[in-house]
Amino acid sequence: MGATEKSRRISTRRGRARSEGNVHRVRSWFVQFGRQWQLQAMILPGIIFMIVFNFIPIYGLVLAFKQYTVVDTIEDAPWVGWQNFETILKDQYFWQSVVNTLGISFIKLTLGFLLPIVLAVMIYEIPWTPFKKIVQTLTYLPHFFFMDHPRRHADQLAVNQRPS
């Protein structure tokens with residue numbers, strides 16, 4: 001037997017060993033998966049949640065590039081490309097609304113972050129314990145009574161009422 005035949009035979013053996021090792025690894029993975037079926041079943045709701053709320057809505061992004069109306073289906077709507085974005089960017093009120101949105105967000109973030117910290121420090125510094133507990137109760141009480149979001153009842157606001 002020559003050196004080339006010997007090396008060829010060794011390489012085929014190694015190839016078989018590698019493929020058999022891969023098959024064994026895959027089988028071992030399925031066996032391990034089968035042993036842990038309860039754990040795998042516990043993660044299914046999370047996977048389903050991700051698919052429903054993270055991946056399916058991606059299909060709706062196509063609407064930004066179509067002239068969509070409620071009458072048409074998404075497939076029937078004509079493709080307009082960047083025209084919708086050009087229309088928005090050329091609108092006279094667009095940049096003012098961006099500035100207003102960023103300003104309101106900055107104010108809400110600043111007040112929503114700083115005021116509770118200042119209030120907590122002020123309550124902490126109250127020396128008389130009964131008064132401190134009364135102040136804590138009075139500041140937390142609205143959270144328990146008014147857990148509704150204010151926008152839920154927006155139709156009852158005077159601003160949204162039609163004049164008679």
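The values are calculated or read from the model by the stated rules, or taken from the named source; none is laboratory data. Quick caveat, the model's predicted, so the values are computed rather than measured. FYI the Cβ positions are ideal-geometry reconstructions off the backbone, even for glycines, and counts take in every protein chain you see. Please note that ligands, DNA and RNA were not included when accessible areas were found on the heavy atoms of the full protein model with its side chains. Shrake-Rupley method; radii C 1.70, N 1.55, O 1.52, S 1.80 Å.
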Of the residues Ile126, Ile117, which is at pLDDT 85 or above, in a loop (DSSP other than H, G, I, E, B) and either of a type in the set (Lys, Arg) or over 30 Å from Lys66 (Cα atoms) (or both)? Ile126
I'm trying to understand the selection: among the residues of region 26-59, which are closer than 30 Å to Glu75 by Cα, of a type in the set (Phe, Trp, Tyr) and loosely packed, with under 10 Cβ neighbours inside 10 Å? Phe53, Phe55, Tyr59
Might you let me know whether region 60-77 holds any residue that is assigned to a helix (DSSP H, G or I) and open to solvent by 90 Å² or more (accessible area, probe 1.4 Å)? yes
